[in-house]
């Protein structure tokens, strides 16, 4: 074989090797792309399944049909039941407007929490508000209610007892008190004077008819420390 033939032969072999290499490289790239396409397809299918499950339909055809009906809001899937449970669309719209006026859901949550704390505090200070009357109930104008043993007039700085009943006078005598001694008291004095009533009869409360002439809560709390009002 001539030298020129040798060079041609080796050049041909080198060319064939390069063709084989590039062919192998192309095969690997196509395989990788095929795997990527398969993974993308799986992700797409998973996203579609989540969408269908969230809407409550079983196929894209059903979803398309649902979205193209242009039905009223209350007729959409699941909405009618929700509206019925919450007083209808008008009530729901009113509720949304109230929430907006209050500053949004976050502010409403804060207000609700503040109200809960305030109620708990008042209940603690008033102690035993729901306890029964120490005396049998009476019927007035066909209405059954606890019997009041006096009238209490509550001002900013003084608490005045008026119109004591025999039950009130008996209660005072039982605790070594006279009506004149407790007729007019400051809120702290009222708490001190009637604290024995609660300590000796913690299971019930006596009731007073109240006339409130104060804008403050503390004088009323002094009354509630020993009595219930109505």
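The values are calculated or read from the model by the stated rules, or taken from the named source; none is laboratory data. Because the structure is a prediction, the values reported are computed rather than measured. We place every Cβ from the backbone using ideal geometry, glycine too, and count neighbours over all the protein chains shown.
Summary table below
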{"item": "Matching strands (runs of 3 or more DSSP E) fully within segment 117-230 where at least 2 residues are surrounded by 16 or more Cβ atoms within 10 Å (Cβ to Cβ) and modelled with pLDDT of 95 or more", "result": "148-154, 159-162, 206-212"}
{"item": "Residues satisfying the stated conditions in segment 212-227, i.e. touching a strand residue (DSSP E or B) at 6+ places or on another chain (Cβ under 6 Å) and over 18 Å from residue 149 (Cα atoms)", "result": "214, 219"}
